[in-house]
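Below is one structure; the comments refer to it alone.
Each value in this text was obtained by applying a stated rule to the coordinates, not by laboratory testing. Worth saying up front: this structure is predicted, and the values here are computed from it rather than measured. Methodologically, a virtual Cβ is constructed for each residue, glycine included, from the backbone with ideal geometry; neighbour enumeration extends over all protein chains shown.
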Amino acid sequence: MILADKIIQQRKKAGWSQEELAEKMQVSRQAVSKWEGAQSVPDLERILMLSRLFGVTTDYLLKDEIEGEAYAEAADDAPVRRIALAQANEFLEFRKVASVRIAAGVFLCILAVIPLLILGAASEVPTWRLSEDLACGVGLAALLLLVVPAVALFLSCGMKNAPYDFLDGEPFSVEYGVTGMVRERQREYRGVYIRSNIIGACLCVLSPVPLFLGASTQNEFYTVVTLAATLLLAGIGSVFFIIAGVRWASMQKLLQEGEYTPREKRKSRVLRTVSAIYWLVVTAAYLGWSFWKGDWEETWIVWPVAGVLFAAARCVCNLIMDREDEQSDPPAQR
């Protein structure tokens with residue numbers, strides 16, 4: 001039994017006309033008529049939609065040797081969310097604005113420590129006649145004045161992103177036209193994405209140069225100023241990374257590619273859980289050791305050691321999950 005016959009059989013069994021099936025599939029009636037007349041074949045996305053609508057497996061629809069109906073198992077009672085073209089456009093435009101706001105928030109947080117550093121160093125210069133208390137007070141005030149709007153930007157982006165949180169944790173599908181639209185935008189943005197990452201990488205690599213120059217002057221105040229310049233360059237580099245990365249990630253989420261395939265999203269959830277547990281244990285160990293030893297100047301060594309071990313732990317987790325995925329894949333997919 002060919003695909004055309006099976007579509008006709010299942011449509012009639014469901015009691016739908018060609019117009020009703022076309023409406024459910026979001027195609028024209030002529031497209032359904034061509035499928036049933038064996039004049040054209042539905043694409044993969046439409047095959048999957050037909051499988052869900054009829055409640056049969058894709059094997060039953062595609063393989064001629066399967067004559068009896070092979071019913072698909074229901075994954076769960078909740079239907080899979082579908083992203084319409086308008087909703088996809090709305091999400092991409094929101095993330096375009098959010099990328100600038102997130103980058104601005106990060107830049108403000110990096111910038112916030114610079115006044116405190118410079119004023120603290122200036123208080124050590126006798127000719128400046130700046131008291132340490134005044135320098136500390138003004139520096140902390142400047143820090144708060146810069147951090148508060150950064151936090152507001154983060155909270156605003158987080159709350160506005162709430163309607164799209166399901167893209168990270170739930171399975172979803174897209175309606176006709178969404179994939180083509182997103183791929184076109186991705187193609188147009190690819191050049192900007194590559195250039196932004198190159199500029200960001202160059203700025204971050206070059207950011208220690210002012211610090212190296214300042215260290216050679218043997219002047220503590222100038223050294224702090226060059227440290228501030230290093231932070232400023234690194235902050236500007238981060239802006240390029242964040243704006244490009246957030247926009248690119250929004251397109252990958254809709255396409256379910258890269259880090260946002262169902263498999264990678266599952267791995268990401270596992271790694272987030274492992275990371276949270278790991279750092280809670282490390283923090284508890286650090287505080288316990290520090291209070292027990294009473295020597296906070298030595299116990300800081302916990303953090304660099306924990307950072308190195310954390311990288312190793314992530315690699316081990318990735319290897320374990322990749323091995324499990326390989327074992328769970330059918331032989332034909334390996």
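A few points about this structure:
- Loop-located chymotrypsin sites (Phe, Trp or Tyr not before Pro) in the range 163-245 (DSSP state not H, G, I, E or B) with no more than 16 neighbouring Cβ atoms inside 10 Å: 176.
- Local charge for residue 278 was computed over the other residues whose Cβ lies under 13 Å away, with Lys and Arg +1 and Asp and Glu -1, and equals +2.
- Dipole in debye (nearest 20) - the range 3-62, about Cα centre, beta carbon charges: Lys, Arg +1; Asp, Glu -1: 120
- If you run the Gaussian network model on the chain, springs between alpha carbon atoms under 10 Å, then out of 37, 200, 288 the most flexible one is 288.
- Dipole in debye (nearest 20) - the chain, about Cα centre, beta carbon charges: Lys, Arg +1; Asp, Glu -1: 700
- Förster radius 45 Å - calculated FRET efficiency between residue 9 and residue 144 (Cβ-Cβ, nearest 0.05): 0.05
- Subset of 96/160; 24/253; 160/267; 6/34 violating a 20 Å alpha-carbon distance limit: 24/253; 160/267
- FRET efficiency estimate (nearest 0.05) - Cβ-Cβ, residue 90 to residue 315, R0 45 angstrom: 0.75
- A crude spin-label estimate for the pair residue 266 and residue 291, with each label 7 Å from Cα along the Cβ direction, gives 4.1 nm.
- Computed over neighbours whose Cβ is under 11 Å from that of residue 49, the net charge equals +1, Lys and Arg +1, Asp and Glu -1.
- Cα lying deepest toward the dipole's positive end in the chain, options 105, 317, 305, charges on Cβ: 105
- Remark: relative contact order (the range 3-62) = 36 percent; criterion is Cα-Cα distance under 8 angstrom and separation of 6 or more residues.
- Angle between the chain longest axis and helix 44-54 axis [Cα atoms, degrees, rounded to 10]: 60
- Dipole axis of the range 119-277 (+1 Lys, Arg; -1 Asp, Glu on Cβ), positive-most option in 174, 198, 271: 174
- Exposure proxy order (Cβ contacts within 10 Å, fewest to most) of 194, 47, 102: 194, 47, 102
- 222 nm mean residue ellipticity, helices alone, for the chain (DSSP H n ≥ 4; -39,500 (n - 2.57); rounded to 500): -25500 deg cm²/dmol
- Difference of contour (0.36 nm per residue) and Cα-Cα distance, residue 151 to residue 33: 36.9 nm
- Ranked by the mean number of other Cβ atoms within 10 Å of their residues, highest first, the peptides 4-10, 145-151 fall in the order 4-10, 145-151.
- Here the range 83-258 is treated with +1 on each Lys and Arg Cβ and -1 on each Asp and Glu Cβ, and its dipole about the Cα centre works out to around 500 debye.
- Kirkwood hydrodynamic radius of the chain, from inverse mean 1/r over distinct Cα pairs, in Å: 25.3
- Alpha-carbon centroid distance for the pair the range 145-196 / the range 14-68, whole angstrom: 33
- Cα-projected label distance for residue 173 with residue 82, points at 7 Å along beta-carbon direction, nm: 0.7
- Cβ-Cβ FRET estimate between residue 20 and residue 192, R0 fixed at 45 Å, reported to 0.05: 0.55
- Sparsely packed loop sites in the range 113-192 (the GluC sites (Glu not before Pro) outside DSSP H, G, I, E and B with at most 16 other Cβ atoms within 10 Å) comprise 124, 175.
- In the chain, the longest principal axis of the Cα atoms and the axis of helix 220-255 are about 10 degrees apart.
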